C-alpha cells in the first residue's frame, strides 16, 4: 500500500481533531509529498508535548506507514521551539501541526512503550 503524502496526512489529522471538537492548525508547511510531520500539543496550562516521526524501521509495519513518538512531554514551548530549530538545521522540509488539548490527546498513532 502506498504511503499517504504528508499534505494529505496533515489534512486528515486536522479534520479528525476538529471533528472531535478540538482546535488544530498548521503552523509550518513542509514538503508536500514526504516532509516529516511534527505535532505540538498545547495543554493550555503553559506546557506542551511534542511528537515526531518514529524511527523508519517501525514505520513500515503500520498500514499508512506513519507512527509518532513523544519527544517532549509537558515541557515548555521554548524547549519545543529549540527542538524544532535543531530539526530545521538538519532538514527544513518538515510540517508542524499544533493541537490544543488539555489532556494531551493528539489522535496520533504512537509507538508502543517498551
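Looking at (1) modelled with pLDDT of 90 or more; (2) assigned to a helix (DSSP H, G or I); (3) surrounded by 13 or more Cβ atoms within 10 Å (Cβ to Cβ); (4) out of contact with any strand residue (DSSP E or B) (no Cβ under 6 Å at 6 or more places or on another chain), can you tell me which one residue 58 breaks?
Here residue 58 meets the rest and fails (1).
For residue 63, all conditions in the list (1) surrounded by fewer than 14 Cβ atoms within 10 Å (Cβ to Cβ); (2) modelled with pLDDT of 95 or more hold save one; what is the number of the exception?
(2)
Do the conditions hold for residue 53, that is, is it more than 17 Å from residue 16 (Cβ to Cβ), modelled with pLDDT of 90 or more and surrounded by 15 or more Cβ atoms within 10 Å (Cβ to Cβ)? Walk me through it before giving the result.
Values: more than 17 Å from residue 16 (Cβ to Cβ): yes; modelled with pLDDT of 90 or more: yes; surrounded by 15 or more Cβ atoms within 10 Å (Cβ to Cβ): yes.
Considered against the rule, which asks whether it is more than 17 Å from residue 16 (Cβ to Cβ), modelled with pLDDT of 90 or more and surrounded by 15 or more Cβ atoms within 10 Å (Cβ to Cβ), residue 53 comes out as yes.
For every residue, the table says whether it meets (1) more than 21 Å from residue 105 (Cβ to Cβ); (2) modelled with pLDDT of 95 or more; (3) in contact with a helix residue (DSSP H, G or I) (Cβ under 9 Å, 6 or more places away or on another chain).
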{"position": "11", "(1), (2), (3)": "no, yes, no"}
{"position": "21", "(1), (2), (3)": "no, no, no"}
{"position": "25", "(1), (2), (3)": "no, yes, yes"}
{"position": "28", "(1), (2), (3)": "yes, yes, yes"}
{"position": "34", "(1), (2), (3)": "yes, no, yes"}
{"position": "68", "(1), (2), (3)": "no, no, no"}
{"position": "80", "(1), (2), (3)": "no, yes, no"}
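The values are calculated or read from the model by the stated rules, or taken from the named source; none is laboratory data. This one's a predicted model, so the numbers in the text were calculated from it and none came from an experiment. Using ideal geometry, Cβ is built from the backbone for each residue, glycine included, and neighbour counts are taken over all protein chains shown.
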